[in-house]
Amino acid sequence: MALESIREPADLRTLSYPELNELAGEIRDFVVQAVAETGGHLGSNLGAVELTLALHRVFESPRDAVLWDTGHQAYIHKILTGRQDRFDQLRQANGLSGYPSREESQHDFIENSHASTVLSYAYGLAAARDAGTSADRRHVVAVIGDGSMTGGMAYEALNNLGHSQRRVIVVLNDNGRSYAPTISNLTASTMPMPAQLPEADRADPHTVPERIANRLSQTLTSIRLNPVYVRRQRKIEHFLRELPVVGPQAGKGMEAFKAAVREFLQPPAFFEALGVRYVGPIDGHSIVDLEHAFANAIELSAEGPICVHVVTQKGRGYSPAEDDDEKHLHDTPVFDAAVGPPKALPSGYTQAFADAIVKEAEADLRIVAITAAMPGPTGLLPFEQRFPDRFFDVGIAEQHAVTGAAGMAMGGLRPVVALYSTFLNRAWDQVVFDVALHRLPVIFCLDRAGITGDDGPSHHGVYDMALLAKVPGMRVLAPSSAQELGVMLHDAISLADDGPVTIRYARGAARQVSEHEVGNGLLARRIREGDGSVCILAIGKMVAAAEKAAEELASEGHHVTVFDVRCCAPLDPAMILEASRHHYVVTIEDGIRDGGIGMTIADQVHAINASVPVEVLGIPTKFIPQAKAERILATLGLDATGVAATIRARTDIAR
């Protein structure tokens, strides 16, 4: 197999195009099998095979910096840079990261698993190169795609690149998707490459204008990629401007003609208005076309930044991915490669949220739902199907989502913003000053809160409680069961009359309890009565661990009190008073310990009774690598065994 002989990018340069096409097929088979065994991001990588091969044949990594945004489309890059023998440990503890990792390889420059950042990195690297501090760096190549161009930070960087005229090559990998179809006119206006047109459309005479436009677009792209044409164009433009009397008008006429052609056939008007030369679209599955485009882009980049627009098919070459209309198998659990994974469905807390928001929206016409390119993973597809006019997917643009929600709230709606906990970090300023400062009725529903597992440090949702609890007027709720989540969302609709509310919940299975085992409003709930010696205050998912620890200790004859905190901000005064009457208090949360809820509990307990020791258990202040969530929690002492051991070690309780 050709793949076995590829240990570094230089090995690609001796292969013929037929050999490269064979290699592309082997890589797709390899990736499908690897992801089937470990889970991971599949569709985006299947679509980037030829693109990655061409990049590593034209550019010389790591002398040339090839940067990936988002990082989950870099599996092929990892394979070609000497890591294929580690793919059996993809996203496993002590194994291969699912994103670029500076610790893994000199070919990985950035560890960006959050989208829309790569153009800013590229600008900075180019500035350092031009300043002479990294003089050995020749080219800076920023691959942006899989929806990342919908993020505002990408546009900020483009503006700065065009203004500064830094020599950066931007590769726009346009697969029309993020998790869901990409929300962007930039890609919506892109015409399909001829090979992508369905057979029926190719035969349909009504598509003749489209085919002509495509042919003209490809022809103009070929011309604009030709350095000889570019030099002659510059000379003609200079000649026209220097004509006596009519020079200025002639120059303006040439620019107007070019602008009209661009506007009709391609989306470069946007890029070139910012000072970034545009070429494309290029067939992202033709290695020959890609290499030609990249080679010419190198020469053209001497005049400033250039964007090479590449059109690819997400999930290409694997029929279960190609046939997945929702997300082209963007991400998958472990599955049988021969048949593909089962259809992804919400589960646990996500499913509880999906059911609850539809129920609340049926009763309250003010409720609208907002997400940032993740309607499926956040459980909003049923809401979108039931209330299409009340559903808003803004693309990978969390800042815009939050401030947009603020505007909706000002107008009398009750917006529910559904995001992953880790992605709300990107909109911190908007939460504080656009929502909370105005005391607006916005409800934040944060999925994947706490330790999430396989995606590693960038995806653990460990900061939300510590941060949001410090926001004036913010109420922070943490359900310990599927039923609690439904009650909390119902209560949040009216609580929002006084300002924003956050509900944060974990990934995966949710406890199922009876209707008599749920709380209400901002109150805590005592779920186990002890003997007055030890009190455990547990938050969200950690309630299950606290209950199990209490049962373990009870079997040894030691009875502890257990509270489900439920409301992390403000804390229930009755719960704090009750805890202060015990000899020893333990708090447990799956959020950052330093400055977290447990420390606030300790302060409030000590304000009543300074002599009570309070043990605060939580996530340490460090980046935690990928592993199964339960393994990480056990390692940190945040499982039932760890909680029980902590209590035994710090009190008279013993085996």
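Summary of values
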item	result
Residue that is surrounded by the most Cβ atoms within 10 Å (Cβ to Cβ), among those in the stretch 79-102 that are modelled with pLDDT under 85 and not small (Gly, Ala, Ser)	99
Residue tally, condition of a type in the set (Lys, Arg) and either assigned to a helix (DSSP H, G or I) or under 23 Å from residue 466 (Cβ atoms) (or both), over the stretch 395-435	1
From the options 504, 526, 426, residue that is surrounded by fewer than 24 Cβ atoms within 10 Å (Cβ to Cβ) and closer than 16 Å to residue 566 by Cα	526
Residue, nearest to residue 505 (Cα to Cα), within the stretch 440-466, restricted to residues that are surrounded by fewer than 21 Cβ atoms within 10 Å (Cβ to Cβ) and at pLDDT 95 or above	463
Residue satisfying all of: in the stretch 448-476; touching a Leu at 6+ places or on another chain (Cβ under 7 Å) and charged (D, E, K, R); nearest to residue 565 (Cα to Cα) among these	475
Count - residues of the stretch 1-29 that are outside any helix (DSSP H, G or I), without any contact (Cβ under 8 Å) to a residue 40 or more places away in the chain and buried (at least 16 other Cβ atoms within 10 Å of the Cβ)	1
Any hit, the stretch 54-71, residues being assigned to a loop (DSSP other than H, G, I, E, B) and of a type in the set (Val, Ile, Thr)	yes
Qualifying residue in the stretch 359-367 (condition: of a type in the set (Val, Ile, Thr), buried (at least 18 other Cβ atoms within 10 Å of the Cβ) and not in a helix (DSSP H, G or I))	yes
First in the stretch 401-412 and assigned by TED's automatic domain parsing to the domain that holds residue 425 and among the β-branched types (Val, Ile, Thr), second anywhere and buried (at least 23 other Cβ atoms within 10 Å of the Cβ) and assigned to a helix (DSSP H, G or I), Cβ under 7 Å, 6 or more apart	402/427; 402/431; 402/435
Test: residue in the stretch 594-601 that is in contact with a helix residue (DSSP H, G or I) (Cβ under 9 Å, 6 or more places away or on another chain), free of Cβ contacts under 8 Å to residues at least 40 places away in the same chain and not aliphatic (A, V, I, L, M)	no
Among the residues listed as 536, 527, 503, 493, the single one being aliphatic (A, V, I, L, M), closer than 30 Å to residue 428 by Cα and in a strand (DSSP E or B)	503
Residue 334 vs. criteria hydrophobic (A, V, I, L, M, F, W, C) and touching a residue at least 60 places away in the same chain (Cβ under 8 Å)	yes
From the options 32, 49, residue that is under 19 Å from residue 310 (Cβ atoms), out of contact with any Ser or Thr (no Cβ under 8 Å at 6 or more places or on another chain), touching a residue at least 60 places away in the same chain (Cβ under 8 Å) and surrounded by 21 or more Cβ atoms within 10 Å (Cβ to Cβ)	49
Positions within the stretch 295-339 being assigned to a loop (DSSP other than H, G, I, E, B) and either closer than 30 Å to residue 168 by Cα or in contact with a Phe, Trp or Tyr (Cβ under 6 Å, 6 or more places away or on another chain) (or both), in sequence order	304, 305, 312, 313, 314, 315, 316, 327, 330
Qualifying residue in the stretch 305-315 (condition: assigned by TED's automatic domain parsing to the domain that holds residue 119, hydroxyl-bearing (Ser, Thr, Tyr), within 26 Å of residue 72 (Cα to Cα) and without any contact (Cβ under 8 Å) to a residue 24 or more places away in the chain)	no
Unique residue being more than 27 Å from residue 92 (Cα to Cα), without any contact (Cβ under 8 Å) to a residue 60 or more places away in the chain and touching a Phe, Trp or Tyr at 6+ places or on another chain (Cβ under 8 Å) when the list is 489, 467, 485	467
Condition check for residue 76: crowded, with 24+ Cβ neighbours inside 10 Å and more than 30 Å from residue 127 (Cα to Cα)	no
Residues of the stretch 613-628 satisfying the condition of being surrounded by fewer than 19 Cβ atoms within 10 Å (Cβ to Cβ) and either farther than 13 Å from residue 591 by Cα or not assigned by TED's automatic domain parsing to the domain that holds residue 554 (or both)	613, 625, 628
Where a residue in the stretch 124-146 is among the small types (Gly, Ala, Ser) and its partner, wherever it lies, is in a strand (DSSP E or B) and buried (at least 16 other Cβ atoms within 10 Å of the Cβ), with Cβ under 6 Å and at least six apart	126/140; 126/168; 142/67; 142/170; 145/173
The lone exception for residue 378 - which of (1) touching a residue at least 24 places away in the same chain (Cβ under 8 Å); (2) in the same structural domain as residue 33 (by TED's automatic domain parsing) it fails	(2)
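The values are calculated or read from the model by the stated rules, or taken from the named source; none is laboratory data. This one's a predicted model, so the numbers in the text were calculated from it and none came from an experiment. Cβ atoms come from the backbone with ideal geometry, glycine included; neighbour counts cover every protein chain shown.
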